[in-house]
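Only one structure is covered here, and it is reproduced in the block below.
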Amino acid sequence: MNQFSYVRPASQQAAIDALTRDSSARFIAGGTNLLDLMKNGVLAPEKLVDINRLPLKNIVLNNNILHIGALALNSEVAAHPLVKTHHPLLSQALLAGASQQLRNMATTGGNMMQRTRCSYFYDITMPCNKRTPGSGCSAIGGMNRMHAIFGDSEQCIAVHPSDMCVALVALDATVLVAGPKGNRRIPFGDFHRLPGTTPDKDNNLGKGELITGIDIPASPFTRNVYYLKVRDRASYAFALVSVAAALDISNNTIRGVRLAMGGVAHKPWRLHEAEKALTGKAPTTENFRIAATVATQSAHPYTHNAFKVPMAQNSIVTALQKAAAV
Amino acid sequence: MKKQAVGQSMDRVDGRLKVTGAARYFADHQPEGMLYAALVCSTISSGRITAIDAAKALRAPGVADVVSHLNAPPVPGYQVENPNPKQGLKIFHDDRIYSNGQPVAIVVANTLERAVYAASLVKVSYAKEAHETDLAASMNKAFQVAKIKDYLRGEADAWKKAPVNMEAEYNIPIEVHNPMELAGMIAHWEAPDKLTVYAKTQGVKSVQQTLKTLFQLPEDHITVHSQFVGGAFGMALRIWPMEIATILAAKKAGKPVKLVINRKEMFTLVGYRPAATQRIGIGATADGKLTGITHSAVANTSPYEDFTEAIVNMSRMMYACPNVNTRYQLVPLNLSTPVWMRGPGEATGAFALESAIDELAHKLNMDPLQLRILNHADTDPDKNLPYSSKYLKEAYDMGAAKIGWQQRRQTPRQLEEDGWLAGYGMSSGVFSASRGKATASATLRSDGSLIIRSAAADIGPGTATAMVQIAADATGIDVKKIKFLLGESEYPEAPRQGGSSTVSTVGSAVNDVCRTLQQKLGELATANIPAFKALKPADIQHEAGALVSGTSRLDYAALLQQQQLPELVVAATSQAGDERKQYAMYSFSVHFAKVHVHPATGVVRIKHIVSVADSGTVVNTKTARSQMIGGVVGGIGMALTEEALIDQRFGRYVNNNYADYHVPVNADTPPTDVLFINKKDPVINPMGAKGMGEIALIGFAAAISNAVFNATGKRVRDLPITPDKLI
């Protein structure tokens, strides 16, 4: 096998130092994706920096802001009373992801860092701009049933596979990052990137930067929320499309709304235009349909994924109906 | 009267071994000095190898050898002079590449990790040629295999003249067996002419025979061990080129070599259910009497072997129809050779036939169950023979009552439940109830225990458990004192575990060897024991492991002890007789399903399944139920989730892993009622047991697609029924 060294630093600073020093080093937490990537020969880090001993597992509420440590397990977050009470959408999204066994290993930070599941990214004998920049995109013109309909580029049409991130972008979370130049905060919607001409870069983390946690601000979206995931089998399958829907309804009027989709873009896809179309309107199926049309106006399907456009529209309507309980 | 063992819900005799990890599967063995192997597989789909650069791999730590066509020892049994190109893949024989994933080298090292790493360092250069892996694009290359002729009964294409008729095309994609246990082999040359292998196989004797031919060794110089198999579903019915590669590597290394292939290689090295395109034309009178069925099928095979199965056969014999014609053709693709996958071709064909019956019923505005009953075959219309037993009508009734068939609406898209469209569907399945030839030996020990041996396999159904039950009833010896040993080539001959034949074939041998043992005990007693001296062996009664005559009773154990015999060994061979010429023998199944389909997302959720088996005597209701449920799960995969996807440009699979190739999970599997007719077949074998493994799956996919049609009004003729097809 590829030789690599393994370190388990005791402090956050030591972890960041270890990664900064070594260009091919990688953080490892749950390892649910990284080990696959190493076994498939997609990645061959010379050093693994195990961060599991860092004190980043907290789930706490401070001044109405819910803080979730980067090492909190997906299963812990999904079941946590604070999460279920204040951000049930996040709990639903987490439970729709992966399998119980994977959720027991996967961490919050790792979930954000997972790579696309595009088959061509994983098969090192085939061209892939994300894996080997400049080699070409096999999915364009290839098997692209699972691929993007929004925000794609001529270089890459891969999708981000996370469910958790779809809820977090809808909830306006903030990513907390520590790095060699200190700490910074990244709005969740700015964390992941569109492929553009640099599809090898999934996100805007700098060299040596470590996700320490996420903050989710207080929101009125505690009741009328729904995470709908459409997939080829009932569990342990990536989304064909998924929709995170959150509504704040009073007097039969939508005061606030959050909508985001998964399985459709290189990043969790927030539907700002559709949100605007719904705000101030009555929570009716007719209005939901209008929003769904707005949401999919910029869709750009490929050979095998044209179905995602009507499926996205139908799913947006269904998720909103479920959230509104109409 | 002692309670019968056959028919009981007995726990598996090897259950404890399996759940405690004590059962040793092929890869668990560790012959001394064993080396580990990893394959280098082709990344092109057709062409030639122009160079193999193994220098870097050979320099890697722990690497013993890189074996390829450049340096492999010869396989003496390869018919190199025979120009027939359909002899199978001769591994490491020449530079020819027929399919992507074909092994081109095997790397041997002193640890698995080092072998895998070194395999990644082998650089292979190719001269690429055009390939074809798409069945739909190759229909013009369809050809008929000499041994499978067109079939005609009555008039050809009579359906076209029928007052009510329909014709449609049905497609199934490649499905891969994907058992949990990975395939492979441990090969150990104990001497230059003596080979021992630990195999994952459905037949140790079959492996022995193949190796005997290929390596031209005496049979008793080849030992095959395979006591436990972690699922196979057909993929271990034959020996594969990668196993020969392992044997060659071991020969060259002079040490035992273990190869366990990885999940990706499970898609390219050990067979699959071939893709098939079928057309069915079917017609009936206005009141629903079938007048004609035409069924044609084209399935893929490899460039180097013609794999055939019985895709169109059910259409010939399932229904009383005067006019039937069928045609079966193959298309060679640049893929490895397919192999039987549970249900095998019959499951492929049943999807088309049982969908077409449903489509015809819809056209007739008739309940599809009524249409089936109306056209029930009372005698086999193909062979013109009476059935040895057939309780299909009872099975229809039982299943219909259990699922609540009366709630089904004749017009589709009429039922809604909790925002989902609800529908009911059903289908039937049939599979030949066979009985082959097998031998068993019985060793009765002076402590009263009984050991029966036969070179059978157990890929999961609980073979040893069933055999113990059969032996217990045949001898009266308690099940706890009986052992059934299998999976060793040195044991008496038994066929492969496939085609739903093990209980019928091996069970008959077990029954017969127990009778032989009793005869022998009778002879011993009449010759030596005063109380029995006046009797003939046949006059002696056998009760609960004892010889009985009037008030005289002598335990088997006591008899052996008195005769100072530590053990008594007998053998018996058993096979079917002329009854197979006088009767048509089939197992039947009926599947009912209730499904929900989400009107907006197209997601299908199966809510309830009822599967009924008409398979004669059920030897063990617990393992039989598990086997039926396993078939149902396979059927759910076929219907809703399983499809091996190939990028035709490269000829490479793109979903060759457990995450992307969707085997159903628990959440896809609804409450399932398994019902048994459980009536003894009076003809087929001493137990009256017909096979069950295949009928569990045959027809199932059609029950789901028919239910989806009933729920939505949409007919999906291309499996699997994924949500995008219902949007």
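The values are calculated or read from the model by the stated rules, or taken from the named source; none is laboratory data. The model shown is predicted, which means the values in this text are computed figures rather than measured ones. Cβ coordinates were reconstructed from backbone atoms using ideal geometry, including for glycine residues, and neighbour counts include every protein chain displayed.
Only one of these conditions is not met by A:Asn204: (1) of a type outside the set (Lys, Arg); (2) within 30 Å of A:Ser138 (Cβ to Cβ); (3) crowded, with 16+ Cβ neighbours inside 10 Å. Which number is it?
So the condition that A:Asn204 fails would be (3).
Which of the residues spanning the range A:105-126 are part of a helix (DSSP H, G or I) and either over 12 Å from the mean Cα position of the chain (by Cα) or at the interface with chain B (Cβ under 9 Å from one of its Cβ atoms) (or both)? Please lay out each step first, then the result.
Step one: list which residues in the range A:105-126 are part of a helix (DSSP H, G or I), which gives A:105, A:108-113, A:119-122.
Matches in the range A:105-126: A:Met105, A:Ser119, A:Tyr120, A:Phe121, A:Tyr122.
Give the residue that is nearest to B:Pro103 (Cα to Cα), with candidates limited to residues of the range B:41-56 that are buried (at least 17 other Cβ atoms within 10 Å of the Cβ) and touching a Ser or Thr at 6+ places or on another chain (Cβ under 8 Å). Lay out the reasoning, then the answer.
First, the residues of the range B:41-56 that are buried (at least 17 other Cβ atoms within 10 Å of the Cβ): B:41-47, B:49, B:52, B:54.
Within this subset, residues satisfying the condition of being touching a Ser or Thr at 6+ places or on another chain (Cβ under 8 Å) are B:41-43, B:45-46, B:49, B:52, B:54.
Values: B:Cys41: 4, B:Ser42: 6, B:Thr43: 10, B:Ser45: 12, B:Ser46: 13, B:Ile49: 11, B:Ile52: 12, B:Ala54: 15 Å.
Taking the candidates together, the pick is B:Cys41.
Scan A:Ser242, A:Ser298, A:Ser235 and give me the residue that is surrounded by fewer than 16 Cβ atoms within 10 Å (Cβ to Cβ) and either assigned to a loop (DSSP other than H, G, I, E, B) or within 14 Å of chain B (Cβ to nearest Cβ) (or both). Working first, answer last.
Details: A:Ser242 fails: surrounded by fewer than 16 Cβ atoms within 10 Å (Cβ to Cβ); A:Ser235 fails: surrounded by fewer than 16 Cβ atoms within 10 Å (Cβ to Cβ).
The conditions single out A:Ser298.
Quick check: is even one residue across the range B:94-105 part of a loop (DSSP other than H, G, I, E, B), touching a residue at least 12 places away in the same chain (Cβ under 8 Å), surrounded by fewer than 16 Cβ atoms within 10 Å (Cβ to Cβ) and assigned by TED's automatic domain parsing to the domain that holds B:Ala51? Walk me through how you get there before you give the answer.
First pass over the range B:94-105, keeping only residues part of a loop (DSSP other than H, G, I, E, B): B:94-95, B:98-102.
From what's left, touching a residue at least 12 places away in the same chain (Cβ under 8 Å): B:94-95, B:98-102.
Now narrow it down to the ones that are surrounded by fewer than 16 Cβ atoms within 10 Å (Cβ to Cβ): B:94.
Checking the rest, the ones that are also assigned by TED's automatic domain parsing to the domain that holds B:Ala51 come to B:94.
Yes - at least one qualifying residue is present in the range B:94-105.
With the checklist (1) in contact with a Ser or Thr (Cβ under 9 Å, 6 or more places away or on another chain); (2) surrounded by fewer than 19 Cβ atoms within 10 Å (Cβ to Cβ); (3) closer than 20 Å to B:Thr623 by Cβ in hand, flag the one item B:Thr463 doesn't pass.
Looking at each condition in turn, B:Thr463 falls short on (2).
Out of (1) over 30 Å from B:Arg435 (Cβ atoms); (2) out of contact with any Gly (no Cβ under 8 Å at 6 or more places or on another chain), the odd one out for B:Asp555 is which?
(2)
Which residue, of B:Tyr653, B:Tyr658, is surrounded by 22 or more Cβ atoms within 10 Å (Cβ to Cβ) and within 13 Å of another protein chain (Cβ to nearest Cβ)?
On the way: B:Tyr658 fails: surrounded by 22 or more Cβ atoms within 10 Å (Cβ to Cβ).
The match here is B:Tyr653.
Among B:Ala600, B:Ala644, B:Ala667, which is within 14 Å of chain A (Cβ to nearest Cβ), surrounded by fewer than 24 Cβ atoms within 10 Å (Cβ to Cβ) and touching a residue at least 24 places away in the same chain (Cβ under 8 Å)?
On the way: B:Ala600 fails: touching a residue at least 24 places away in the same chain (Cβ under 8 Å); B:Ala667 fails: touching a residue at least 24 places away in the same chain (Cβ under 8 Å).
Only one candidate qualifies: B:Ala644.
Within the range A:214-232, track down each residue that is over 16 Å from A:Ala295 (Cβ atoms), within 10 Å of another protein chain (Cβ to nearest Cβ) and in a strand (DSSP E or B).
Listed by number, the residues that qualify are A:Lys229, A:Arg231.
If you take the residues of the range A:302-318 that are under 22 Å from B:Pro599 (Cβ atoms), more than 8 Å from chain B (Cβ to nearest Cβ) and not in a helix (DSSP H, G or I), which of them is nearest to the chain's Cα centre (by Cα)?
Of everything passing the filter in the range A:302-318, A:Asn305 is nearest to the chain's Cα centre (by Cα).
Of everything in the range A:127-157, what is more than 8 Å from chain B (Cβ to nearest Cβ) and under 17 Å from B:Tyr661 (Cα atoms)? Give them in sequence order.
Taking the range A:127-157 and keeping what is more than 8 Å from chain B (Cβ to nearest Cβ), we get A:127-137, A:139-140, A:144, A:146-157.
Scanning the range A:127-157 gives A:Asn144, A:Met146, A:His147.
Quick one: which strands (runs of 3 or more DSSP E) lie wholly within the range B:432-493 and hold at least 1 residues that are under 30 Å from B:Asp380 (Cα atoms)? Quick ask: steps written out before the conclusion?
On the way: elements: B:438-445, B:450-453, B:482-485.
Result: B:438-445.
Determine whether A:Val49 is touching a Phe, Trp or Tyr at 6+ places or on another chain (Cβ under 6 Å), assigned to a strand (DSSP E or B) and at pLDDT 95 or above. Please lay out each step first, then the result.
Values: touching a Phe, Trp or Tyr at 6+ places or on another chain (Cβ under 6 Å): yes; assigned to a strand (DSSP E or B): yes; at pLDDT 95 or above: yes.
The answer is yes for A:Val49.
Tally the residues that are out of contact with any strand residue (DSSP E or B) (no Cβ under 7 Å at 6 or more places or on another chain) and in a helix (DSSP H, G or I), restricting the search to the range B:548-558.
Initially, the range B:548-558 is screened for residues out of contact with any strand residue (DSSP E or B) (no Cβ under 7 Å at 6 or more places or on another chain), giving B:550-552, B:557-558.
Then drop every residue that is not in a helix (DSSP H, G or I), which leaves B:557-558.
Within the range B:548-558, residues that are out of contact with any strand residue (DSSP E or B) (no Cβ under 7 Å at 6 or more places or on another chain) and in a helix (DSSP H, G or I) number 2.
Looking at B:Gly231, B:Gly254, can you tell me which residue is over 20 Å from the mean Cα position of the chain (by Cα) and at positive phi?
On the way: B:Gly231 fails: over 20 Å from the mean Cα position of the chain (by Cα).
Going through B:Gly231, B:Gly254 in turn, just one is over 20 Å from the mean Cα position of the chain (by Cα) and at positive phi: B:Gly254.
If I ask for residues that are in contact with a helix residue (DSSP H, G or I) (Cβ under 8 Å, 6 or more places away or on another chain), part of a strand (DSSP E or B) and of a type in the set (S, T, N, Q), which ones from the range B:576-619 would you list?
Selection gives B:Ser589, B:Ser611.
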